Amino acid sequence: MPNPSSPPALPAFTKIIPVLLAEDHMVVREGLKALLEAEGDIKVVGEAENGRLAVELAHKLRPAVIIMDIAMPLLNGLEATRQILKTLPSTKIILLSAHSDDAYIEQAVALGAVGYLIKQTSLAALSKVIREVYKGRVFFSPSVAKHLHHPDQRLPVREDLLKKKVAHLSSREVEVLQLIAEGKANKQIASELTISIKTVEKHRQHLMEKLNIHDTAGLTRHAISAGIIESSVQLTIV
């Protein structure tokens, strides 16, 4: 007899959706994996605890859908999304956030994410969204969708926002900016990015020149306002 606790058998023609989970909290990540795979048609093919690993695994595993937390160490979910979609444009990325702030939502649209969910979203809704974006649709939480002025005109909005928000910073500069905003010293940043301290100092100087900001506190405030880090991240400003 079939086990009543087992998920219902799927039709033979059902496609399994390969998903990458990028979430820095292991308990949350493991819980999501167990619950999603219980659906039967979703397979978690990889897990990443930071944005840099998410980029690496995306290129290695080529998942159809990525569930990407925005607030992650080393490389935030927004910059990870930008790097992934630059080389894997057909990947469907759903961003997760504790906030519905305009800065994050605008960047999600600008970068080409096909979904943006508030973390209070139920598992049943998350599973549904994964299936929807896999079919080529887009989905934003109702509390997020109201922030979008032109939800049906994604490409023009995307171009405008990229010019305004992130296009003038290189991917490396965004990485350095995030690590500065997280309170890391030049030596720590150099170690994290496997570059010299002198190179870190040059990136810091270029950031200050480009942004017309001349202290660490100002760079941190800019990182928060631009959605590079979430304001809920505990910061140490030195």
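The values are calculated or read from the model by the stated rules, or taken from the named source; none is laboratory data. Predicted model, so just to flag it, every value in this text is computed and none were measured. Using ideal geometry, Cβ is built from the backbone for each residue, glycine included, and neighbour counts are taken over all protein chains shown. In case anyone asks, the SASA skips ligands and DNA or RNA and just uses the protein heavy atoms, side chains included. Shrake-Rupley method; radii C 1.70, N 1.55, O 1.52, S 1.80 Å.
Odds and ends about this structure:
- Within segment 18-54: backbone nitrogen closer than 11 Å to the residue 60 label point (7 Å, Cα to C-beta): 46-48, 53-54
- Computed over segment 18-117: relative contact order in percent, which uses C-alpha pairs under 8 Å that are six or more apart: 26 percent
- Pairs spanning more than 31 Å between alpha-carbon atoms, out of 86/128; 86/202; 86/184; 33/198: 33/198.
- Under 5 Å, built H, 5+ apart or other chain: amide partners of residue 66: 20, 92, 93, 94
- Length gained when the stretch residue 98-residue 118 is fully extended (0.36 nm per residue, less Cα-Cα span): 6.6 nm
- Global geometry of segment 8-95, whether rounded, prolate or oblate, following the gyration tensor of its Cα atoms and the 1.5 cut on a/c: oblate
- Per residue value of the accessible surface for segment 78-133 (all protein chains in place, 1.4 Å probe), Å²: 34 Å²
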